[in-house]
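Below is one structure, written out as structure tokens; the observations come after it.
The values are calculated or read from the model by the stated rules, or taken from the named source; none is laboratory data. Keep in mind it's a predicted model, so treat the numbers as computed, not measured. Note that we place each Cβ from the backbone using ideal geometry, even for glycine, and neighbour counts take in every protein chain shown.
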Amino acid sequence: MAQTRTTGTHPDGAGLGRSATRGHRWGLRRLPGDGGRGWRDGTWRRGWILAVMGLLVGLLMFFHDQVPNSLGNLGSLVDTFLPWFGLAVPVLLVCATLRRSATALAGLVLPLLVWGNLFGGLVMPGKSGGPHNLRVLTHNVDAANADPSLTARDVVAAGADVVALEELTEQAKPVYTKALAAKYKYHVDRGTVGLWSRYPVTEQKSVDVGLGWTRALRAQVDTPQGPVAFYVAHLASVRVDSSGFTSDQRNRTTRQLGRQISADPLQRVVLMGDLNGTANDRSLAPITSGLRSAQGAAGDGFGFSWPSGFPMARIDHILVRGVTPARSWVLPDTGSDHRPVAADLNVRP
């Protein structure tokens, strides 16, 4: 007598064939009356909440510039931490895998595509390189720095041609001046910011950004390739508190500084300093719209600089006009609450 091979239907999969067991494991069900040939895929019937969450994250990143600033500067807050929204993708991926949900996996396509479009260029290797003839560095050294001499030694060791320091105190200024004097013959400081240069500083002035005290300067440095206008700035601070993202004062200083840089008579301009905002923050547009980020053009990764213990945002910038970034990077912790950032630039004669 011919034997007929049957497949069990025990709810735990006992006695099922290999394909049937796999189908049961991933939530597959037989269609009634299909003669055992068809399956209804349960992986598409669950995980809708995860899929919707993925779509919402993707839509928020895609339309981030439409988030209004009228409510606690929420738009700027979203802009500032926008790269971190990508962390939702691996979290939702793990949840979708545990849930065994094809629907949830499909919901990750949009956030992946949007995040890749926004930030894929930053994480792609191989951007840096090419000729360079000027190294610059900027560092918020922290007014509460317990060991400014150590920070100064780290700054000197970076080998920059031009150094910008922010948040200088009257007590710490002599420490930095003495430590940098051997390498940097030319020095100018105004208020809480300063610039040290291996090349002559032929012009210098304070820059009013509307704070009532000096936190920005302009210095013309005569490099071997010709004059370059250097701006050193420390814009007003921002806070995240019960009233939201309080950045109105920072935004006013941004507009004032942006107007002066855009009107600068020199074609070659370098802005260095703590701008208390990221390049994504729409409120920095009066500055960033006319300048190019060294990190964005020639850095590997996001180049987060603050806070120094676990950097989450790049609020310390090197922005240029009329010169070409060849390399940009973040230096190790120096004892400040910020990390230094540096860049190699190509200044054409």
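Of the residues making up region 83-105, those that are within 29 Å of Ser305 (Cα to Cα) and out of contact with any Phe, Trp or Tyr (no Cβ under 8 Å at 6 or more places or on another chain) number 7. Only one residue in Thr202, Thr223 is surrounded by fewer than 24 Cβ atoms within 10 Å (Cβ to Cβ), touching a residue at least 40 places away in the same chain (Cβ under 8 Å) and out of contact with any helix residue (DSSP H, G or I) (no Cβ under 9 Å at 6 or more places or on another chain), so which one is that? On inspection, the qualifying residue turns out to be Thr223.
Return a yes/no flag: does region 327-335 have any residue that is over 25 Å from Asp147 (Cα atoms) and outside the structural domain of Leu77 (by TED's automatic domain parsing). Checking region 327-335: at least one residue is over 25 Å from Asp147 (Cα atoms) and outside the structural domain of Leu77 (by TED's automatic domain parsing).
Looking at region 135-155, is at least one residue surrounded by fewer than 19 Cβ atoms within 10 Å (Cβ to Cβ), in contact with a strand residue (DSSP E or B) (Cβ under 9 Å, 6 or more places away or on another chain) and in a loop (DSSP other than H, G, I, E, B)? Among the residues of region 135-155, not one is surrounded by fewer than 19 Cβ atoms within 10 Å (Cβ to Cβ), in contact with a strand residue (DSSP E or B) (Cβ under 9 Å, 6 or more places away or on another chain) and in a loop (DSSP other than H, G, I, E, B), which makes the answer no. Contact map, region 261-281: residues that are touching a residue at least 40 places away in the same chain (Cβ under 8 Å) paired with residues that are part of a loop (DSSP other than H, G, I, E, B) and of a type in the set (Lys, Arg), Cβ distance under 8 Å, separation 6+ or inter-chain. Pairs shown: Thr278/Arg314.
Looking across Ala279, Ala179, one residue alone is touching a Gly at 6+ places or on another chain (Cβ under 8 Å), closer than 25 Å to Trp306 by Cβ and among the aliphatic types (A, V, I, L, M). It is Ala279. For Asp189, the criteria (1) touching a Leu at 6+ places or on another chain (Cβ under 9 Å); (2) crowded, with 22+ Cβ neighbours inside 10 Å hold in every case but one, which is (2).
Restricting Val193, Val163 to those that are farther than 22 Å from Arg327 by Cβ, at pLDDT 95 or above, assigned by TED's automatic domain parsing to the domain that holds Leu319 and touching a Ser or Thr at 6+ places or on another chain (Cβ under 8 Å) reduces the list to Val193. Under the condition of being surrounded by fewer than 15 Cβ atoms within 10 Å (Cβ to Cβ) and over 25 Å from Thr288 (Cα atoms), the residues counted in region 56-106 number 7.
Within the option set Ser283, Ser293, Ser308, being touching a strand residue (DSSP E or B) at 6+ places or on another chain (Cβ under 7 Å) and not acidic (Asp, Glu) holds for one residue only, Ser293.
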